[in-house]
Amino acid sequence: MDKYAERLTGFMQAIGCMNNAANRVSDYFVMKLEESNSMLTSLAIYHSTITDKFPAAYWHPQLKACAEKMFMETVASWFFEHQDTQRMPSSLKQNLLDHFKDGLVEMTGNALFYTLTTSPPVWYGSLYNEFVIESRYGRFLVHFSCHD
């Protein structure tokens, strides 16, 4: 695993633990995608690691460019989704978001952001949001989900 993605995933998992509840678990991670000639091919490689029962094309991935601001708004909604995290002081919430963004910039530099929409052929989470980040340092998948 990419050392930057591993460090950022650890940070995200710690935040995810704060959003766990008795009847659900949060799953947040970032991973470096395999290098290939296109983002869709990189995603196909990733999706083929999840299940060998269905071809990667069965995920029907669609990418749409998005602004970093929209990405960070989604990050904030996942980081502070639980009622306890919503009550955190705004300065602490902003500090956590800034720390995440600093790690992201260290990992990707100047990057392009894409929302990833899929139709998974297998159970993939009750709710989820995914993004692909493309930079000169590689392509990265950012995943947020919760499981009941």
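What follows is calculated from the coordinates using simple rules that are stated; it is not laboratory data. All values reported here derive from a predicted model rather than from experimental measurement. Cβ: placed from backbone, ideal geometry, glycine included. Neighbour counts: every protein chain shown.
Computing FRET efficiency as 1/(1 + (r/R0)^6) for residue 54 and residue 23, where r is the C-beta to C-beta distance and R0 is 25 Å, gives about 0.30. Count of lysine pairs in the range 18-148 with Cα atoms under 24 Å apart, counting only pairs 8 or more residues apart in sequence or on different chains? Value for the range 18-148: 8. With a cut-off of 15 Å between beta carbons, the residues surrounding residue 21 carry a summed charge of -2, where Lys and Arg count +1 and Asp and Glu -1.
The GluC sites (Glu not before Pro) of the range 75-148 include none that meets both conditions, a loop assignment by DSSP and at most 16 other Cβ atoms within 10 Å of the site Cβ. Taking the Cα centroid of the range 134-148 and of the range 44-116, what is the distance between the two, rounded to the nearest whole Å? For the range 134-148 versus the range 44-116, the Cα centre distance is 6 Å. Using C-alpha pairs under 8 Å with a sequence gap of at least 6, the mean separation divided by the residue count of the chain gives a relative contact order of 32 percent.
The chymotrypsin sites (Phe, Trp or Tyr not before Pro) of the range 86-148 that meet both conditions, a loop assignment by DSSP and at most 10 other Cβ atoms within 10 Å of the site Cβ, are 123. In terms of surrounding Cβ atoms within a 10 Å radius of their Cβ, 136, 24 rank from fewest to most as 136, 24. Per-residue Cβ neighbour counts within 10 Å put 99, 82 in the sequence 99, 82, beginning with the fewest.
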